[in-house]
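The values are calculated or read from the model by the stated rules, or taken from the named source; none is laboratory data. Treat the numbers as computed from the prediction; the structure is a model and nothing was measured. Using ideal geometry, Cβ is built from the backbone for each residue, glycine included, and neighbour counts are taken over all protein chains shown. Accessible surface is based on the protein model in full, side chains and every heavy atom, while ligands, DNA and RNA are left aside. Shrake-Rupley method; radii C 1.70, N 1.55, O 1.52, S 1.80 Å.
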Amino acid sequence: MKNPISFIFSLLFILLVSSFAGVKTLKGTWIFKGGIYNGKKEGAPKEYILQRKYGTQNFQALAIQKGNKPEKYEAGDYVLKGDTCIETETFSSQPSKLIGIPVSYVYSIRHDTLILKATLPTGLKVEEYWKRVK
């Protein structure tokens, strides 16, 4: 082997690319556990649960408060490309400037936790933690 350094870099590149090859969907139910917003850590709300249900190409987000019917507050489509999850919001129960605008999140899954990181079009830097429940 003439150049072991280029071989090592090639091997590392293949491992990095293949590490995302197995994840094709976020399908399942995820509960919000907290996040970091512009560097400020915030926990999950205590009065209600935020839940995301991902299908193979779409998602819906629900707020669930004990004794009340779950309330859909957001929905949209998504696609996974490498380490990027591109979400396009198609519904929001609140006024939103993100409807129809693709937002790219760098995502990773560690054990049972989905981590989404992005700088939103508004400039807000987010890092959210969602735990898989189904």
Reported set for region 84-126 where residues are assigned to a strand (DSSP E or B), open to solvent by 40 Å² or more (accessible area, probe 1.4 Å) and charged (D, E, K, R) is ARG110, LYS117, LYS125
How many residues of region 61-83 are out of contact with any strand residue (DSSP E or B) (no Cβ under 8 Å at 6 or more places or on another chain) and either under 17 Å from LYS117 (Cα atoms) or open to solvent by less than 70 Å² (accessible area, probe 1.4 Å) (or both)? The answer is 2
Cβ pairs under 7 Å, 6+ apart or interchain, first in region 31-60 and closer than 14 Å to TYR73 by Cβ and open to solvent by 70 Å² or more (accessible area, probe 1.4 Å), second not in a loop (DSSP other than H, G, I, E, B) and not polar (S, T, N, Q), ordered by first then second residue, are TYR48/ALA63; TYR48/ILE64; ILE49/ILE31; ILE49/ILE64; LYS53/PHE59
In region 85-108, anything within 19 Å of GLU127 (Cβ to Cβ) and at pLDDT below 95 is listed as LEU98
